[in-house]
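Participant: Before I ask anything, let me first share the structure, which is written out below as structure tokens.
The values are calculated or read from the model by the stated rules, or taken from the named source; none is laboratory data. Please read these numbers as outputs of a predicted model, since none were measured by experiment. Every residue, glycine as well, gets a Cβ built from its backbone with ideal geometry; the counts of neighbours run over all protein chains shown.
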């Protein structure tokens, strides 16, 4: 079956209603739904509504809290620690962003570390939210171990994502958003659902041998992007997230798709810098725009139609989708099933 195109507003309304039906406060349910749908609109379904059934299972099993906010565990002005208490990651991430908006203006730089956290979707979504307000935004988190050390055959560190967004004059922020594995596990799960092979270099089996089979990859290990460089960066991000928050690191973070009754327990770290406090409030966005355009105008290699700056492809997908959200057939079926299970009308999911 082909993918369906569902109006983004309708899809977000359905997902928000579903979470609210399960006891999540309405505002938190809306924030979570909006973040998930935004990923699908950008053509990143691994961080979109395909996650809803798993989120639902965890809410029902109790490993994800229905709380509408994290607890402030420590507040030292420009440095804040939140204890999420296993609430939905989008809710506590929005809370962190709101804190950063105020604190970065007050101090020039601000940070929020979050412990006992849950999956927050796409890291770039939160960094871009800060950049849209004129700040430089950074968002990262740790995951359960998925990658071996170079030369190793055992999972020791997660494919921890890193997103950095800068305000850009005359357009959307420039956004770098990447996992530190060669690809995200969600993309491998999508390939498994579609019965497709994965490219070489994405993963190895449990003994460290290369594989193109997604099912074997899921049981095995992801490979780090850029080998030792990606591994090293993932390792220090794990320590920054879990270390600064007083939360979990390494194997203390549990499998996202494991026992739904066992908390995931990841940690997040958000940073914001105010260009105005560096004397470049107007100059920086203009320089970002100029640099990004110079990348786009650079000479393409043979056979390449055009060159993109970071974030261009996702922005182009948002524009091309025109408010209609592509949803894979199997994901659509699961959403309909979970809606019916909890008595949430699914008419809005009809393409």
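Participant: Can you tell me which residues in region 259-278 are more than 19 Å from residue 172 (Cβ to Cβ) and either more than 25 Å from the chain's Cα centre (by Cα) or part of a strand (DSSP E or B) (or both)?
Facilitator: The initial filter retains those residues of region 259-278 that are more than 19 Å from residue 172 (Cβ to Cβ), namely 259-271, 274, 276-278.
266, 267, 268, 269, 270, 271, 276, 277, 278 - these are the residues of region 259-278 that are more than 19 Å from residue 172 (Cβ to Cβ) and either more than 25 Å from the chain's Cα centre (by Cα) or part of a strand (DSSP E or B) (or both).
Participant: Those residues that are under 16 Å from residue 158 (Cβ atoms) and in a loop (DSSP other than H, G, I, E, B), I need them from region 213-225; list them, please. If you could, list the steps in order and put the result at the bottom.
Facilitator: Restricting attention to region 213-225, the residues satisfying the condition of being under 16 Å from residue 158 (Cβ atoms) are 217-218, 220-225.
Answer for region 213-225, where residues must be under 16 Å from residue 158 (Cβ atoms) and in a loop (DSSP other than H, G, I, E, B): 220, 223, 225.
Participant: Looking at region 273-294, I want the residues that are farther than 14 Å from residue 109 by Cβ and have a partner that is at pLDDT below 95 with Cβ atoms under 6 Å, at least 6 apart or on another chain. Which pairs are those?
Facilitator: Short answer, once both residue conditions are applied: 289/170.
Participant: Name the one entry in 246, 250, 265, 242 that is buried (at least 21 other Cβ atoms within 10 Å of the Cβ) and either closer than 13 Å to residue 143 by Cα or in contact (Cβ under 8 Å) with a residue 40 or more places away in the chain (or both). Working first, answer last.
Facilitator: Details: 246 fails: buried (at least 21 other Cβ atoms within 10 Å of the Cβ); 250 fails: buried (at least 21 other Cβ atoms within 10 Å of the Cβ); 265 fails: buried (at least 21 other Cβ atoms within 10 Å of the Cβ).
242 is the lone residue from the list that is buried (at least 21 other Cβ atoms within 10 Å of the Cβ) and either closer than 13 Å to residue 143 by Cα or in contact (Cβ under 8 Å) with a residue 40 or more places away in the chain (or both).
Participant: From the list 207, 213, 106, exactly one residue is over 19 Å from the mean Cα position of the chain (by Cα) and either within 25 Å of residue 69 (Cβ to Cβ) or in the same structural domain as residue 47 (by TED's automatic domain parsing) (or both). Which is it? Talk me through it step by step, then tell me what you get.
Facilitator: Details: 207 fails: either within 25 Å of residue 69 (Cβ to Cβ) or in the same structural domain as residue 47 (by TED's automatic domain parsing) (or both); 213 fails: either within 25 Å of residue 69 (Cβ to Cβ) or in the same structural domain as residue 47 (by TED's automatic domain parsing) (or both).
Within the list 207, 213, 106, the selection yields 106.
Residue by residue, here is whether (1) more than 24 Å from residue 188 (Cβ to Cβ); (2) free of Cβ contacts under 8 Å to residues at least 40 places away in the same chain holds:
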position: 16; (1), (2): yes, yes
position: 19; (1), (2): yes, no
position: 49; (1), (2): no, no
position: 52; (1), (2): no, no
position: 68; (1), (2): yes, no
position: 90; (1), (2): no, no
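Participant: Report yes if some residue within region 228-239 is buried (at least 19 other Cβ atoms within 10 Å of the Cβ), under 17 Å from the mean Cα position of the chain (by Cα), closer than 30 Å to residue 129 by Cβ and outside the structural domain of residue 157 (by TED's automatic domain parsing); otherwise report no.
Facilitator: no
Participant: How about region 70-88: which of its residues are part of a loop (DSSP other than H, G, I, E, B) and either within 15 Å of residue 119 (Cβ to Cβ) or outside the structural domain of residue 103 (by TED's automatic domain parsing) (or both)? If you could, list the steps in order and put the result at the bottom.
Facilitator: Residues of region 70-88 that are part of a loop (DSSP other than H, G, I, E, B), as a first pass: 70, 76-78, 84-86, 88.
Answer for region 70-88, where residues must be part of a loop (DSSP other than H, G, I, E, B) and either within 15 Å of residue 119 (Cβ to Cβ) or outside the structural domain of residue 103 (by TED's automatic domain parsing) (or both): 70, 84, 85, 86, 88.
Participant: Let me ask another. Take residue 49 and tell me if it is closer than 24 Å to residue 260 by Cβ and surrounded by fewer than 23 Cβ atoms within 10 Å (Cβ to Cβ). Talk me through it step by step, then tell me what you get.
Facilitator: Values: closer than 24 Å to residue 260 by Cβ: yes; surrounded by fewer than 23 Cβ atoms within 10 Å (Cβ to Cβ): no.
Judged against the criteria, residue 49 is not a match.
Participant: Separate question: Restricting to region 168-187, name every residue that is at pLDDT 95 or above and surrounded by fewer than 23 Cβ atoms within 10 Å (Cβ to Cβ).
Facilitator: Across region 168-187, the qualifying residues are 169, 176.
Quick grid of which residues meet (1) part of a helix (DSSP H, G or I); (2) assigned by TED's automatic domain parsing to the domain that holds residue 166; (3) surrounded by fewer than 12 Cβ atoms within 10 Å (Cβ to Cβ):
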{"position": "280", "(1), (2), (3)": "no, yes, no"}
{"position": "286", "(1), (2), (3)": "yes, yes, no"}
{"position": "301", "(1), (2), (3)": "no, no, yes"}
{"position": "304", "(1), (2), (3)": "no, no, yes"}
{"position": "317", "(1), (2), (3)": "yes, no, no"}
{"position": "331", "(1), (2), (3)": "yes, no, no"}
{"position": "335", "(1), (2), (3)": "yes, no, no"}
{"position": "340", "(1), (2), (3)": "yes, no, yes"}
{"position": "343", "(1), (2), (3)": "no, no, yes"}
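Results for (1) modelled with pLDDT under 95; (2) crowded, with 20+ Cβ neighbours inside 10 Å, shown as yes or no for each residue.
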site	(1), (2)
120	no, yes
123	no, yes
127	no, yes
137	no, yes
140	no, yes
143	no, yes
146	yes, yes
151	yes, no
156	no, no
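Participant: Still on this structure: Among the residues of region 199-212, write down those that are assigned to a loop (DSSP other than H, G, I, E, B) and touching a residue at least 24 places away in the same chain (Cβ under 8 Å). Spell out how you get there, then give the answer.
Facilitator: The initial filter retains those residues of region 199-212 that are assigned to a loop (DSSP other than H, G, I, E, B), namely 199-202, 205-209, 212.
Of everything in region 199-212, those that are assigned to a loop (DSSP other than H, G, I, E, B) and touching a residue at least 24 places away in the same chain (Cβ under 8 Å) turn out to be 206, 207, 208.
Participant: Please tell me if residue 114 is farther than 20 Å from residue 160 by Cβ, in the same structural domain as residue 281 (by TED's automatic domain parsing) and either free of Cβ contacts under 8 Å to residues at least 12 places away in the same chain or surrounded by 17 or more Cβ atoms within 10 Å (Cβ to Cβ) (or both).
Facilitator: Numbers: farther than 20 Å from residue 160 by Cβ: no; in the same structural domain as residue 281 (by TED's automatic domain parsing): yes; either free of Cβ contacts under 8 Å to residues at least 12 places away in the same chain or surrounded by 17 or more Cβ atoms within 10 Å (Cβ to Cβ) (or both): yes.
The answer is no for residue 114.
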